[in-house]
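What follows is a single structure, written as structure tokens, with notes after it.
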Amino acid sequence: AGQVVVIDMHHDNLMTRRPMKAEASLMNPSDNIMALKAVTEGQSGHFVQVFNLDTKDKLGVYQSADMIMFWRWVTPRVLALVSQKDVMHWNLEVPGSTPEVVFQRGGKLADASCQIISYAANSALSWCLLTGISTQDQGQTIDGNLQLYSIDKKQQQLLDGHAGSFGNVVVSDGEAPSGLFSFAERKPGSLQTKLHIMDVTKPRGEGLPTPFRAQVDVAMPPEAPSDFAVALHFCEKQGLVFMITKAGFLLAFDVSSATMLVRTRVSQDTIFISTGSQESGGCIFANRKGQVASLKVNEAMIVDYVMNNLVQVSNRQDIAFTLARRFGLPGADDLFVKRFNQLFMSGDYKGAATVVAQCKSGYLRTPQTVEQFKSVQAPPGQSSPILYYFSSLLEHGKLTASESLELLRPVVQQQRKELVEKWLKQDKLECTEELGDVVQQLDTSFALSIYLRAGAHQKVIGCFIAQGQFDSITAYVKKVEYQADYSTLLQSMVTVNPDGATIFAKSLLDGPEGKPLIDITQVVKVFMEHNKLQETTSILLEALKDNKPEHAQLQTQLLAMNLQQAPKVAEAILQMNLFTHYDHQYIGQLCEKAGLMQWALEHYTDKADVKRAMLNANLMTPEALIRFFGRLPPDTSLECLADLMRHNRQNLNVVVQVAIKYHEQIG
């Protein structure tokens, strides 16, 4: 039974075997998606299926009328199929779609004797390149044929060569990457190779700048003079292009000048296939022995290598400086310093600022450089040199912590909120607690954004408090697992915003999932130290509403504080009948002192206390007094009735009503 073996090179070469009857398989470059190709009995062409191995979904099925001679993923969801006649693109993003013809094979590439070895498309899918090889002398020499096709213009160009590639590389300072096409030209019957690099996406026409173009004659190794390119790969992040040759050599060129920088053997055996690597920025190749190897630019060493090893290259300093400047490669700090000093001394402060920004090592971005720009007066009619400095840094990337502070201090003084907002949205500032302190003078929301990015937890909570976002505080501390000093925060709030402090305290006591973030006794202490009885009462009423036995002391404290300072509030709380676990004897005594005799009587159980409180019957309602007698033992009732009569004859009516209602109980 047939099987397909998948080797995951990103996970320690993990090998997965799948039983599948297929002539060939092709893995997707970014997802766990596999295309399978096979011949179906009774059909003249190939049958192609595409599966998502993770979801087990079948993404597409296609029966071709012709044999598929070559295939390749040109994007994560577009599969290119090269048949005997046509080049097709299959957009598997669209359910139920089938391949669409992009162009027909032309020139020598249309011949059945031409072997298709490669296909490529640029990132915009506007240009395509089909590559094939053929022989006129039974294999003694191998001719290369390229078919370059513009989808937008529907035009083609046939070229002689064995390899080509597309890439997006910066070729001019201050501009976006250019859409480049490169190919290794090799005329039939000639051993001379020429490398061409050109911008194929820039508009052409009268009055428009000439698009970038560079070319160079390539010297093959002396030990392999007839060697030829089998692949080209752009190293977009380093500004190089790799040429892989059949004999196993790597030739690396500077894109901007087409200068050869490296020529070295990377395989002792013939290389027959290679592909670009998004992960490394270089390429991966396989040789005839089945060995697979990866090639990439040594970013830490390439600039130094160009400057110090390529003595035969007259413009090596310019090449090294350009690579370092455009692609942020290390190793050229001395060149940056030299260029900076030249421009600054000549008064080109804008150019000098640009050099500082382009020096990605940060070697020139020092407080001394800032002071150097600040010390220069702006020429008449021109912007301040320090403004050039910060503008260039912002254009090229992100400011450091010290630069962010230096820039924002005057901006805050000028009340330029829109600039702070813009830079925060663009992530141009290094956010620190100190920067947040500066910006808070201008806008609390901006300061909050900075504190959040800086991880200044206590300051974040302070901003939430200032904005009244109390619910956000508990969510935030839970997310970042921060133990905040809530007691200190409440202390600072109580005097300036007691209402806000009350809301905040309640949210803390409620806490995430009902778990308090602060001890309630601590809250009471903070508020009462500032004599905030009303706020403390509100907090305790909310916190003690479940009437739990463990809250007996707090119930007692709540009632006691109000009986001593706000008896009417205490009476209202007692009337609500919310609590039962407090110290009744103590609260009864405080009720008596506060003149709330009826409530004092309700809380007393000792006969002497009851009889003493009963002497103030004139301060109680007859109904309450009569109701209370229903709770007393008979002997105590008789004693109290006698005391009422002796103390005040006006109590006669109440005594009579008690005697009538409870005569059987009293006896």
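The values are calculated or read from the model by the stated rules, or taken from the named source; none is laboratory data. These figures come from a predicted structure and were not determined experimentally. All Cβ positions, glycine included, derive from the backbone under ideal geometry; neighbour counts span all protein chains shown. Heads up: the accessible areas ignore ligands, DNA and RNA and are worked out on the full protein's heavy atoms, side chains in. Shrake-Rupley method; radii C 1.70, N 1.55, O 1.52, S 1.80 Å.
Summary table below
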read-out	value
Pair list, Cβ under 9 Å, 6 or more apart: the stretch 494-521 residue on the phi > 0 side of the Ramachandran plot and in contact (Cβ under 8 Å) with a residue 24 or more places away in the chain, other residue in a loop (DSSP other than H, G, I, E, B) and open to solvent by 20 Å² or more (accessible area, probe 1.4 Å)	Gly511/Leu517
Qualifying residue in the stretch 204-217 (condition: surrounded by fewer than 17 Cβ atoms within 10 Å (Cβ to Cβ), within 39 Å of the chain's Cα centre (by Cα) and under 21 Å from Glu185 (Cβ atoms))	yes
Qualifying residue in the stretch 224-240 (condition: acidic (Asp, Glu), in contact with a Ser or Thr (Cβ under 7 Å, 6 or more places away or on another chain) and outside any strand (DSSP E or B))	yes
Residue in the stretch 5-48 that is modelled with the highest pLDDT, counting only those that are acidic (Asp, Glu) and farther than 18 Å from Gln278 by Cβ	Glu23
First in the stretch 547-575 and under 19 Å from Thr521 (Cβ atoms) and touching a residue at least 24 places away in the same chain (Cβ under 8 Å), second anywhere and hydrophobic (A, V, I, L, M, F, W, C) and open to solvent by 60 Å² or more (accessible area, probe 1.4 Å), Cβ under 6 Å, 6 or more apart	Asn562/Val569
Subset of the stretch 249-273 (residues that are under 22 Å from Arg316 (Cα atoms), open to solvent by less than 10 Å² (accessible area, probe 1.4 Å) and touching a residue at least 40 places away in the same chain (Cβ under 8 Å))	Ala252, Phe253, Asp254, Val255, Ala258, Leu261
Number of positions in the stretch 490-515 that are within 15 Å of Ser472 (Cα to Cα) and of a type outside the set (Gly, Ala, Ser)	8
Of the criteria (1) open to solvent by 40 Å² or more (accessible area, probe 1.4 Å); (2) under 28 Å from Thr135 (Cα atoms); (3) among the acidic types (Asp, Glu), which one Asp86 fails	(1)
Subset of the stretch 410-454 [within 18 Å of Leu399 (Cβ to Cβ), open to solvent by 30 Å² or more (accessible area, probe 1.4 Å), not in a helix (DSSP H, G or I) and not basic (Lys, Arg)]	Gln414, Gln426, Asp427, Glu430, Thr432
Residue, nearest to Leu387 (Cα to Cα), within the stretch 409-438, restricted to residues that are of a type in the set (A, V, I, L, M) and within 23 Å of the chain's Cα centre (by Cα)	Leu419
Leading residue by the ranking (farthest from Val78 (Cα to Cα)) among those in the stretch 10-33 that are open to solvent by less than 80 Å² (accessible area, probe 1.4 Å) and touching a Lys or Arg at 6+ places or on another chain (Cβ under 8 Å)	Ala22
Index of the failed condition, Glu664 passing every other in (1) within 24 Å of Gly595 (Cα to Cα); (2) modelled with pLDDT under 75; (3) acidic (Asp, Glu)	(1)
Given (1) in contact with a Cys (Cβ under 7 Å, 6 or more places away or on another chain); (2) charged (D, E, K, R); (3) modelled with pLDDT of 85 or more, number of the condition Lys611 does not satisfy	(3)
Pick from the stretch 102-126, criterion closer than 14 Å to Lys154 by Cα and open to solvent by 40 Å² or more (accessible area, probe 1.4 Å), ranking: farthest from the chain's Cα centre (by Cα)	Gln104
Members of the stretch 48-71 found to be open to solvent by 30 Å² or more (accessible area, probe 1.4 Å), closer than 15 Å to Gly96 by Cα and of a type in the set (A, V, I, L, M), listed by number	Leu59, Val61
Any hit, the stretch 617-630, residues being farther than 22 Å from Lys661 by Cα and either touching a Gly at 6+ places or on another chain (Cβ under 6 Å) or not small (Gly, Ala, Ser) (or both)	no
Helices (runs of 4 or more DSSP H) lying entirely in the stretch 589-629 (those with 1 or more residues that are within 21 Å of Gln565 (Cα to Cα), open to solvent by less than 20 Å² (accessible area, probe 1.4 Å) and of a type in the set (A, V, I, L, M, F, W, C))	597-603
Single residue of the stretch 573-588 satisfying the filter (of a type outside the set (Asp, Glu) and outside any helix (DSSP H, G or I)) that is most open to solvent (accessible area, probe 1.4 Å)	Asn577
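Every residue, every condition in (1) charged (D, E, K, R); (2) outside any helix (DSSP H, G or I); (3) crowded, with 21+ Cβ neighbours inside 10 Å, yes or no:
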position	(1), (2), (3)
Asp318	yes, no, no
Leu323	no, no, yes
Pro330	no, yes, no
Phe340	no, no, yes
Phe344	no, no, no
Gly351	no, no, no
Ser361	no, yes, no
